[in-house]
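Below is one structure, written out as structure tokens; the observations come after it.
All of the numbers you see were taken from the coordinates with simple rules; none came from a lab. From a predicted model like this one, the values you see are computed outputs, not experimental measurements. Cβ placement follows ideal geometry from the backbone for every residue including glycine, while neighbour counts extend to all protein chains displayed.
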Amino acid sequence: MKLKYILVLLIVTGLMSCKKFLDLTPNSQMSSNDFYNNQNDFERALLGAYANIRGLYSGSAIQYAADLRTDNAEINWSSPSIDEMQLEQNALTSSNGIVNSIWNTCLKTISKCNTILNRIESVNFTEADKNRIIGETKFLRALSFFYMVQLFGEVPVTFEEFNSPEEIMKADLSRKPVDEVYKVIIDDLTSAESLLPAALNTDKTRASMGTVKTLLGKVYLTRGNNDGAAAKLKEVIDLGQYKLHNDYESLFSPGNNNLDESIFEIQFVKGKSLGNNYSALFTPAITSMALFPGNAQGSGRITPTLDLFNAYEAGDKRKTASVSDSVPLINGTKSYARYALKFVDWEAVSTSDGGVTFTVLRYADVLLMYAEALNNLGKTAEALAEINRVRQRAGLPDLTGLDRSATALALEKERRVEFLFEGQRWFDLLRTGRLREVVNAYYQGRGLSFKIEPFETLFPVPLAEIQLNSALTQNEGY
């Protein structure tokens, strides 16, 4: 199995942090026995785990998985890759490179976390610092497993640290039942919650107690535990550490680091090979456009659909902050083409090296998830009050008098426009059981022959993994 060879490589290289990320790699190669000897070693290893999961966002894998596959986005350029076309058309094969990248990024993050957790208890440093490192590590492991179980269903689960290729090859890395995976996720988050300090971590690239509670609330909601979700999300609200940022547009613009609404974020630095490619993927593939310095071109790989454009209510301030269909050209005229504005770095010299921070978890999500849990529990009036808090920032009137079913649909629409291109749409529709109905209706409305079959609500397990590990099975239908 490829994971086993990844683990072998990690052993050989000492599981050290990526040198390109904050330059944290030790000056010389060393074995894992020479590393992990003091607190500083574990701090650096933890930053390496954060750097690894960053790969899900720097190349837009999450937006490919959760936006391009839905009614939110489409490809608008002439030469998409086969991988991209498969995602847009929901016609995935087990050889899809983006699917393979998500699988391996998550598993590599999990393996880094396992090594930290298996080594840290034997090293002597302050209990408070040790607990913080353990808590952050368990959050990262839980987040990785959460992505995997939602996308692939049954996945390998291991807590082992491997010290030789022989140990890796003997390990049980077969897929485990979904319930078992979720137990690991909930156990990790519950433990992390008890270990992290209650004080807000002002560096939102690092997990704090509020980060863990937010993800745990999302996991409970995904599992249908509405009581648990409502209670946990209310705890986040009651912390008083987060609030809706007054200016929606600034949440996704240059300089958006560590804002009051952010709960967990991935920061990028342009010009140092530490940027993201949102500015390329979300903007048009027009050679004569004048959007960027030097009139750089976008690629149009993930662009808003007309259906998404029409989903905004009249007067919704989020629309002008999120999307546009007017492209200024070098000759002073304008051309019609839909593109996204969120997370685009308009000062980027290279559109594949943007510096705008991506927010993985933010407070508006807490409020709308809390509303969803309340509505599922029959507390619709309370749910509407939470939805209206988000709508008020958008300049929209309050929703009133809706029944439970109408409120669920209002929530679905609200989340769609609030979290456009934040990697939420697929997971939202999957959680509510509306994925196939909504996306297939979108395809039909456009006269397209694409269709999500029941088995296609899960990714295929990468073929390369199955070829290397006979214990791995494929998801039905692939």
- Query: Going by how many other beta carbons lie within 10 Å of each one, how would you line up THR115, THR126, THR190, fewest first?
  - Reply: THR126, THR190, THR115
- On the formula 1/(1 + (r/R0)^6), with r taken between the Cβ atoms of LEU409 and ASP34 and R0 of 45 Å, the FRET efficiency rounded to 0.05 is 0.20
- Query: Which whole-Hz ³J(HN,Hα) couplings does the stretch 241-251 yield from phi under the Karplus relation 6.51 cos²θ - 1.76 cosθ + 1.60, θ = phi - 60°, glycine and proline marked x?
  - Reply: 9, 10, 7, 5, 6, 4, 9, 4, 4, 5, 5
- Query: Under 19 Å Cα-Cα from LYS213, which lysines qualify once same-chain neighbours fewer than 8 residues away are excluded?
  - Reply: LYS138, LYS183, LYS204, LYS232, LYS234, LYS243
- Residues whose built amide H sits under 5 Å from the amide H of SER335, excluding neighbours closer than 5 in sequence, are VAL327, LEU329
- Lys and Arg at +1, Asp and Glu at -1: neighbours of LYS270 with Cβ under 9 Å from its Cβ sum to -2
- Item | Neighbour-count order for THR305, THR70, THR407, THR287, fewest beta carbons within 10 angstrom listed first | THR287, THR305, THR407, THR70
- Report, by chain and number, residues whose modeled amide H sits under 5 Å from the one on ALA73, excluding near sequence neighbours (fewer than 5 apart, same chain). THR305
- Message: Order 254-260, 60-66 from most to least packed using the mean count of other Cβ atoms within 10 Å.
- Response: 60-66, 254-260
- Task: Counting other beta carbons within 10 Å of each Cβ, put THR93, THR211 in order, fewest first.
- Result: THR93, THR211
- First check a/c for the stretch 268-356, with a ≥ b ≥ c the square roots of the eigenvalues of its C-alpha gyration tensor; if it is under 1.5, answer rounded, and if not, answer prolate when a/b is larger than b/c or oblate otherwise. oblate
- Note on the structure: Summing +1 per Lys or Arg and -1 per Asp or Glu among the other residues with Cβ less than 10 Å from LEU435's Cβ gives +2
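Assign one of three labels to the stretch 111-233, namely rounded, prolate or oblate, based on the Cα gyration tensor with a ≥ b ≥ c the square roots of its eigenvalues; rounded applies when a/c is under 1.5, prolate when it is not and a/b is larger than b/c, and oblate otherwise.
Because a/c hits 1.5 or more and a/b fails to exceed b/c, the stretch 111-233 counts as oblate.
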- Obtain the nm distance between the two label points defined at PHE159 and THR333 by a simple spin-label model: each point lies 7 Å from its Cα along the Cα-to-C-beta direction. 6.6 nm
- Given R₀ = 45 Å, FRET efficiency for ASN118-ALA290 by Cβ-Cβ distance, to 0.05? 0.25
- Which residues' amide hydrogens lie under 5 Å from the amide hydrogen of LYS176, considering only partners 5 or more residues apart or on another chain, with H built in the peptide plane? VAL155, VAL157
- Task: Subtracting the Cα-Cα distance from 0.36 nm times the residue separation, let me have the gained length for THR320 to SER78 in nm, one decimal.
- Result: 84.4 nm
- Using alpha-carbon positions, what is the distance between the centroids of the stretch 285-319 and the stretch 237-258, in Å? 23 Å
- Query: Do you know the relative contact order of the chain, to the nearest whole percent, from alpha carbon pairs under 8 angstrom that are 6+ apart?
  - Reply: 19 percent
- Message: So, R0 is 60 Å and r is the distance between the beta-carbons of ASP172 and VAL349; what FRET efficiency does that work out to, to 0.05?
- Response: 0.80
- Message: Within the stretch 268-356, how many Lys pairs that are eight or more residues apart, or on different chains, come under 23 Å at the alpha-carbon?
- Response: 7
- Note on the structure: For the stretch 36-41, in residue order, the Karplus 3J(HN,Hα) values (coefficients 6.51, -1.76, 1.60; θ = phi - 60°; whole Hz; Gly and Pro = x) are 6, 10, 8, 4, 4, 4
- Item | Paramagnetic reach from GLN474 in the stretch 67-93 [backbone N under 13 Å; point 7 Å along Cα→Cβ] | 92-93
- Using only Cα atoms, tell me the angle between helix 127-152 and the longest principal axis of the chain; keep it within 0 to 90° and round to the nearest 10. 60 degrees
- Query: For the pair GLU127 and ALA464, how long in nm is the line joining their label points, each one 7 Å along Cα→Cβ?
  - Reply: 4.6 nm
- Row for the chain, column shape: gyration tensor on C-alpha, a ≥ b ≥ c, rounded if a/c < 1.5 i.e. under 1.5, prolate if a/b over b/c, else oblate; value rounded
- Query: Which lysines does LYS170 reach when only Cα atoms under 16 Å apart count, and residues fewer than 8 places away in its own chain are ignored?
  - Reply: LYS2, LYS4
